[in-house]
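**Q** Structure provided below as structure tokens; questions to follow.
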Amino acid sequence: MRAALVILAVFAVYLNALLYGSFQFDDFNVIVNNPAVHSLDAWRAGLFSGIRPLLKLTYAANWSLSGSPFGFHFFNIAVHAASALLVLRLSETFMEKNGVGKGFALFSALLFALHPIQTEAVTYVSGRSSSLMAFFLFASLFLYEKGRDKRPALAYIASSFFFLLAVGVKETAVIFPFALILWDKAMGRGLRDSFKRQAAHWGLFLFAVLAILGSRGYNRFFTGIDARELSSTVLSNINGVAYLLSRFVSVKGLNIDPDLPVLTASSPLVPIEAAALAVLVIGGILLLVRRPWAGFGVLWLFLFLLPTNSIVPRLDIANERHLYIGAFGVFLSFSVGVSRVAGKLDKRAVAAVGAVFLLILGAFTVARNRDYRSETSLWEATVKLSPAKPRAWNNLGFAYSAEGRKEEARAAYSAALRLDPGYGKAERNLKALGD
């Protein structure tokens, strides 16, 4: 019954994305205009020269079945539903350890399923890199936990296999063995036992790191990253992480292209943000000893932000989809915390408030999905939130142009050029409109 409710909830709030969703933004470079994923033969031909082979295989399979957005969106939503089911099972195990009823495990899974912060990883087709990686890691964690009950050798082998699949989707999955250590610590297990049971995972961790470093595709990927001073990268990422954390509560301000600057010097706000993040991390470490359920949520989130938002220079300082797997820890800890408070209150009143809260989150998710129904609607929503970002105006202009709305396109390109007179792409697009 609980599993059916989770699946129903996912498809209910993402139905409009399934029926009306379109390709957006990077989807055109990564999928629509990329012949390397337009057939399985093309995928095989580029298997050893690119990156993220398993992710591209899913794109090629989708495209081979149909090049329409429907199939791509259905796959993304199905992956999200499957992840939410695994979150339900993992939450039940975690709740049992903490003496919490299964009703709060359902609450945790529904938070994961319905919170609008997940839309970029689900409704945006290219967000699949985050959601599919998370699914394989959740499956790996689930099988790892199952190995403690029965057939441990088989379960641990299967768990390691899913970990490897996750790396094939997105290289940042290599952080997962550290997450296993954190999980075991929160479950009250010793390090020696954890490392013993995770031997295969750590072996694959070393193999994956060496394979990534030795790959031609990843060498090109890493050399293509913009050179930037380490101080600038760290300052920018501090600001980016603070922005991402605010998205858990700022559900009306979700933005596919937030206007976060590359900082070359500290601003008055950055030291405050850095201090707040440091307090959270240190607090998470301390809580892991005294209240493991609380420390787990904080550290799980920061652990999965580490590969994307720490010392690696990024063109886009922050993307909401990078919160997808980290949100699991936040929602799990939040649910345990709610259970501690709710234990002193009337159960029916708590259930009613929880249901209303989840319905509100679902409504915000439906509303956010409407922004993705066309390129125009997405970039109109984006420029409202990022009015000073030239790329957002340029992309809006391109969307208008594709619909034959030349005057509106001209105004959008002109807005981009007023913000950045040297923005060549907007200048070329404006010239292409003609007189």
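The values are calculated or read from the model by the stated rules, or taken from the named source; none is laboratory data. Quick caveat: nothing in here was measured; it's all calculated off a predicted structure. All Cβ positions, glycine included, derive from the backbone under ideal geometry; neighbour counts span all protein chains shown.
**Q** Against the definition (free of Cβ contacts under 8 Å to residues at least 24 places away in the same chain, of a type outside the set (Gly, Ala, Ser) and in contact with a Ser or Thr (Cβ under 9 Å, 6 or more places away or on another chain)), how does Phe161 come out, yes or no? Give the derivation first.
**A** Values: free of Cβ contacts under 8 Å to residues at least 24 places away in the same chain: yes; of a type outside the set (Gly, Ala, Ser): yes; in contact with a Ser or Thr (Cβ under 9 Å, 6 or more places away or on another chain): yes.
Here the answer is yes, as Phe161 does meet what is asked.
**Q** Something else: So which of Leu110, Leu132 is of a type outside the set (Ser, Thr, Tyr), in a helix (DSSP H, G or I), more than 22 Å from Phe23 (Cβ to Cβ) and modelled with pLDDT of 95 or more?
**A** Working: Leu132 fails: more than 22 Å from Phe23 (Cβ to Cβ).
Matching residue, one of Leu110, Leu132: Leu110.
**Q** Out of the range 399-429, which residues are surrounded by fewer than 21 Cβ atoms within 10 Å (Cβ to Cβ), among the hydrophobic types (A, V, I, L, M, F, W, C) and at pLDDT below 95?
**A** Correct list: Ala402 only.
**Q** On to the next question. Just one of Ala208, Ala199, Ala265 is crowded, with 18+ Cβ neighbours inside 10 Å and of a type outside the set (S, T, N, Q); which is it?
**A** Values: Ala199 fails: crowded, with 18+ Cβ neighbours inside 10 Å; Ala265 fails: crowded, with 18+ Cβ neighbours inside 10 Å.
The unique qualifying residue is Ala208.
**Q** Quick one: is Trp393 assigned to a helix (DSSP H, G or I), over 29 Å from Val13 (Cβ atoms) and at pLDDT 95 or above?
**A** Details: assigned to a helix (DSSP H, G or I): yes; over 29 Å from Val13 (Cβ atoms): yes; at pLDDT 95 or above: yes.
So Trp393 fits the description; yes.
**Q** Ala278 versus (1) over 22 Å from the mean Cα position of the chain (by Cα); (2) closer than 19 Å to Ser91 by Cβ; (3) free of Cβ contacts under 8 Å to residues at least 60 places away in the same chain: which is the lone unmet condition?
**A** Among (1) over 22 Å from the mean Cα position of the chain (by Cα); (2) closer than 19 Å to Ser91 by Cβ; (3) free of Cβ contacts under 8 Å to residues at least 60 places away in the same chain, Ala278 violates only (2).
**Q** Looking at Phe364, Phe328, which is the one that is among the aromatic types (Phe, Trp, Tyr), in the same structural domain as Gly295 (by TED's automatic domain parsing), buried (at least 22 other Cβ atoms within 10 Å of the Cβ) and modelled with pLDDT of 95 or more?
**A** Values: Phe364 fails: buried (at least 22 other Cβ atoms within 10 Å of the Cβ).
The unique qualifying residue is Phe328.
**Q** Is it the case that some residue within the range 40-57 is outside any helix (DSSP H, G or I), aromatic (Phe, Trp, Tyr), surrounded by fewer than 15 Cβ atoms within 10 Å (Cβ to Cβ) and over 19 Å from the mean Cα position of the chain (by Cα)?
**A** Taking the range 40-57 first, the residues outside any helix (DSSP H, G or I) are 46-52.
Keeping just the survivors that are aromatic (Phe, Trp, Tyr) gives 48.
Cutting the leftovers down to surrounded by fewer than 15 Cβ atoms within 10 Å (Cβ to Cβ) gives us 48.
From what's left, over 19 Å from the mean Cα position of the chain (by Cα): 48.
Within the range 40-57 (the criterion being outside any helix (DSSP H, G or I), aromatic (Phe, Trp, Tyr), surrounded by fewer than 15 Cβ atoms within 10 Å (Cβ to Cβ) and over 19 Å from the mean Cα position of the chain (by Cα)), the answer is yes, since at least one residue qualifies.
**Q** Return the only residue of Arg228, Arg220, Arg192 being farther than 23 Å from Trp300 by Cβ and part of a helix (DSSP H, G or I). Explain how you work it out, then say what you get.
**A** Working: Arg228 fails: part of a helix (DSSP H, G or I); Arg192 fails: farther than 23 Å from Trp300 by Cβ.
After applying the criteria, what remains is Arg220.
**Q** Considering only residues that are polar (S, T, N, Q) and assigned to a loop (DSSP other than H, G, I, E, B), which ones fall in the range 1-33? I'd like the intermediate steps shown before the answer.
**A** Let us first name the residues in the range 1-33 that are polar (S, T, N, Q), namely 16, 22, 24, 29, 33.
Hits for the range 1-33 are Ser22, Gln24, Asn33.
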